[in-house]
Amino acid sequence: MGHLLARSRQWVFGRSITTLLTAVVLMAGLPAMGIIVTTSFENRRMAETLAREELRNLTRGLVAIQDGVESQSQALLVALAHTEEARERNLPALNCLFTSLLDDHPEMSNIFLTDASGRVVASGLPAFLGVDLSDRSYFKDAVARRDLGVSGFIFGRATGKAIMAFAKADQEARGEVKGIIGLSYYLEGYDRFLRGLELPSHVRVTLVDAEGRRMVAYPPDQRYPLGGAITSHIRDRCLASASDTGLFIDARLTGEEGLFSFARLRLGPGEPPYLTIIVSSTRAEAYARADVQLRRGLTQAFLAILLALVIARAAGRYAIGRGIANLADAAARLAGGDLDARAETAADGGSLEVRRLGESFNAMASALQQREQELDQAMTALAKMRSMLHNILESMPSAIIGLDGTGHVTHLNGTATHLFGLDKDAAMGREAAQSLPLLAGYMHTVDMALRERRALVVEKLPLPQGGDIHFLDMLLYPLVANGTDGVVIRFDDVTDRERALEEKTVLLKEIHHRVKNNLQIILSFIGLQADDAENPAERDRLRRLEIRIRSMALVHQQLYNHGDFAAIDLAEYLRVLSQGVLGVYSDVASRVRLILETSPVRLPLDKAVPCGLLCSELLTNACKHAFPGQTAGTLRLGCRQEGGLARVWVQDDGQGLPPGFDVEGAGSMGMTLVKELARQLEGRATLTRPPDGGLRFEAVFSVETEPFIR
């Protein structure tokens with residue numbers, strides 16, 4: 001992300017100042033242009049809303065007209081059904097009445113009356129008499145509902161023209177249907193009415209019957225024949241709506257995207273729609289006015305920004321460009337080595353800021369000229385220092401190898417070439433592992449030193465040389481200078497030191513071995529005396545002495561066995577010590593179960609002896625006093641490390657201390673020794689009585705923070 005931002009800044013600020021000034025003006029004008037554009041889009045949105053509302057209003061107007069036709073037809077049919085001629089079934093008089101009404105209302109195609117079977121018995125058109133209407137849906141609906149029935153799209157049997165019929169059940173006083181009285185309208189009357197409305201040219205009005213057939217399609221078009229089914233997906237959209245009115249966008253029959261407003265008409269709540277009015281327009285034509293307003297607004301915004309850019313560019317060239325060009329020319333001459341190059345600062349050299357910039361440039365050029373002289377002097381001093389540094393590196397007894405951040409050799413001193421038998425010219429610039437195979441297995445260490453910026457040491461690297469093995473210490477120092485990463489590697493020959501250390505180790509091991517042997521001899525003498533002692537008290541004192549000496553001998557034995565002369569493993573030490581103590585008190589060991597609760601603890605030598613004596617003394621006391629007679633029980637011995645502290649405990653479930661026993665005031669040698677050993681450990685010791693009985697002695701003292709590693 002940072003690299004991307006840097007490249008973006010470089011791309012932006014790498015342009016001419018005239019271009020940047022033009023960009024600033026453009027950015028300053030963006031809010032105003034944004035307001036204009038936003039307003040244009042808002043105006044377009046309002047124009048779209050207005051176009052949709054016009055379609056809705058036209059649909060509502062057509063619904064009101066159709067409701068008026070329905071109400072007028074129903075009122076006329078009710079009035080005719082209540083005439084004296086209709087009540088008395090005076091058919092000749094009804095024929096005359098119906099014919100007269102047709103003359104007065106040319107929009108009607110016929111007025112008729114049928115008997116209960118559906119046969120026309122009276123009609124305004126004589127040719128319609130005797131026609132059987134029982135198969136007509138409006139006849140069936142009027143009879144079934146005993147109310148008004150409306151037809152779908154039909155061709156009149158007498159006129160042969162598209163008509164729409166209304167029929168109302170003619171009932172007797174007892175409620176029985178004795179026929180229907182109906183009237184029909186020419187559907188072409190809707191076309192005449194719609195022509196009078198002067199609809200927008202892009203608007204199309206379609207009236208659809210319950211079967212989905214076109215009853216009216218205005219303006220007339222051969223692609224939309226009357227009686228033909230409307231596009232199925234348009235009908236589905238109208239029928240699927242939860243409301244009887246709505247507006248949606250869908251494809252028209254021509255494939256264009258259209259805007260559709262519809263209304264479904266019903267004879268009563270819950271009744272199926274008998275007519276659907278659909279008013280549609282191509283979306284492009286409906287929104288044409290909105291698009292014109294949008295284009296006008298965008299054009300105004302573009303022209304305003306363009307004018308501002310032209311003015312800004314011209315002003316930038318006059319006020320800044322000329323002075324900047326003069327300054328750039330002087331800078332180019334200065335960059336070419338002409339330290340006498342200076343910029344013009346006359347009044348016609350551009351704006352005040354540009355002239356001040358020229359003055360600052362001239363001051364900088366003068367200072368640079370002086371710096372060049374000082375630099376020559378510094379380079380001479382640096383050459384002397386480099387020579388001295390080279391002499392220091394070459395005279396060092398250590399082998400010095402320098403690597404860059406990629407692991408390639410950048411420096412070798414004479415000691416390194418001699419020690420490793422390298423050709424300096426061949427090794428320089430190559431990968432370190434190729435120049436010096438010894439480093440192949442330690443390149444990850446080199447990377448770690450470079451990555452973590454810390455010095456690392458690798459000790460005792462074996463180096464075959466002259467039929468002998470030499471040991472080297474490798475020290476890696478991370479180097480960051482002048483933005484360049486690298487590592488300096490120093491090799492020191494520590495063969496003599498390691499051999500002396502090995503001799504010292506052998507000597508220490510021998511000393512510990514002899515101390516252990518001497519203590520074993522002492523233990524043997526004490527064991528013999530204990531076997532010969534007839535006094536039980538004397539024999540017990542010798543046993544306790546034997547255990548104390550055995551605990552010290554065990555320390556030296558562990559140091560000898562593991563080769564670590566600085567510390568012992570306390571867990572292993574307690575395991576062997578407990579076996580030795582229980583071996584002395586074999587009668588107790590046969591009836592007491594020992595449980596070791598130890599974890600590795602690295603115990604320094606200065607605390608190993610007092611800790612061993614303390615544990616042996618506590619184990620001895622437990623074996624001697626906790627389980628008198630043939631009492632059985634459990635003896636627990638444990639240790640663990642908690643950070644920089646070691647915790648050691650001995651716990652039994654024996655008889656515990658006698659009543660009134662004062663631990664602090666006890667003067668026996670065992671308790672005195674326990675207190676003294678705890679003091680030597682520089683720790684704290686506690687004696688508690690567990691809930692299950694017995695005693696628990698616990699000592700806590702400080703140790704090394706590193707845990708013991710086997």
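The values are calculated or read from the model by the stated rules, or taken from the named source; none is laboratory data. Remember, predicted model here, so these are calculated numbers, not experimental data. Using ideal geometry, Cβ is built from the backbone for each residue, glycine included, and neighbour counts are taken over all protein chains shown. Please note that ligands, DNA and RNA were not included when accessible areas were found on the heavy atoms of the full protein model with its side chains. Shrake-Rupley method; radii C 1.70, N 1.55, O 1.52, S 1.80 Å.
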> Out of (1) in contact with a Gly (Cβ under 9 Å, 6 or more places away or on another chain); (2) modelled with pLDDT of 70 or more, the odd one out for K509 is which?
Replying inline: (2)
> Would you pick out the residues in the range 584-600 that are at pLDDT below 85 and open to solvent by less than 50 Å² (accessible area, probe 1.4 Å)?
Replying inline: V584, Y585
> How many residues does the range 191-240 contain that are among the polar types (S, T, N, Q), open to solvent by less than 70 Å² (accessible area, probe 1.4 Å) and not in a loop (DSSP other than H, G, I, E, B)?
Replying inline: 1
> If you check L461, L436, which single one turns out to be modelled with pLDDT of 75 or more and closer than 23 Å to E394 by Cα?
Replying inline: L436
> Between a first residue in the range 43-68 that is closer than 14 Å to V279 by Cα and a second residue that is at pLDDT below 90 and β-branched (V, I, T), which pairs have beta carbons less than 8 Å apart while being 6 or more apart in sequence or on different chains?
Replying inline: L55/V203; L58/V203
> From the set of residues in the range 148-193 that are of a type in the set (F, W, Y) and in contact (Cβ under 8 Å) with a residue 60 or more places away in the chain, which is nearest to G124 (Cα to Cα)?
Replying inline: Y185
> Which pairs do you get when a residue that is farther than 13 Å from E617 by Cβ and assigned to a helix (DSSP H, G or I), found in the range 663-679, comes within reach of a residue that is at pLDDT below 70 and open to solvent by 40 Å² or more (accessible area, probe 1.4 Å), reach meaning Cβ atoms under 6 angstrom, with the pair 6+ apart or on two chains?
Replying inline: none
>> Checking the structure you have, find out if any residue of the range 197-207 is at pLDDT 85 or above and of a type in the set (D, E).
In response: no
> Would it be correct to say that L687 is in a strand (DSSP E or B), modelled with pLDDT of 90 or more and in contact with an Asp or Glu (Cβ under 9 Å, 6 or more places away or on another chain)?
Replying inline: no
> If you go through the range 426-465, how many residues are in a loop (DSSP other than H, G, I, E, B) and surrounded by 14 or more Cβ atoms within 10 Å (Cβ to Cβ)?
Replying inline: 2
>> I'd like the full set of residues that are among the basic types (K, R) and outside any strand (DSSP E or B), limited to the range 243-280.
In response: R252
>> It is to be established whether one or more residues within the range 629-650 are buried (at least 19 other Cβ atoms within 10 Å of the Cβ), in contact with a strand residue (DSSP E or B) (Cβ under 6 Å, 6 or more places away or on another chain), modelled with pLDDT under 90 and not in a strand (DSSP E or B).
In response: no
>> Which of the numbered conditions does G268 fail, given that it passes all the others? Conditions: (1) within 20 Å of V203 (Cα to Cα); (2) modelled with pLDDT under 90; (3) more than 53 Å from the chain's Cα centre (by Cα).
In response: (1)
> Taking the condition at pLDDT below 90 and farther than 19 Å from V216 by Cα, does A122 pass?
Replying inline: no
> Could you count how many residues in the range 416-425 are touching an Asp or Glu at 6+ places or on another chain (Cβ under 9 Å) and either in contact (Cβ under 8 Å) with a residue 60 or more places away in the chain or open to solvent by 70 Å² or more (accessible area, probe 1.4 Å) (or both)?
Replying inline: 1
>> Looking for something touching a Leu at 6+ places or on another chain (Cβ under 6 Å) and either free of Cβ contacts under 8 Å to residues at least 12 places away in the same chain or open to solvent by 30 Å² or more (accessible area, probe 1.4 Å) (or both) - is there at least one such residue anywhere in the range 251-261?
In response: no
> For the subset of the range 158-190 comprising residues that are outside any loop (DSSP other than H, G, I, E, B) and basic (K, R), which member is surrounded by the fewest Cβ atoms within 10 Å (Cβ to Cβ)?
Replying inline: K178
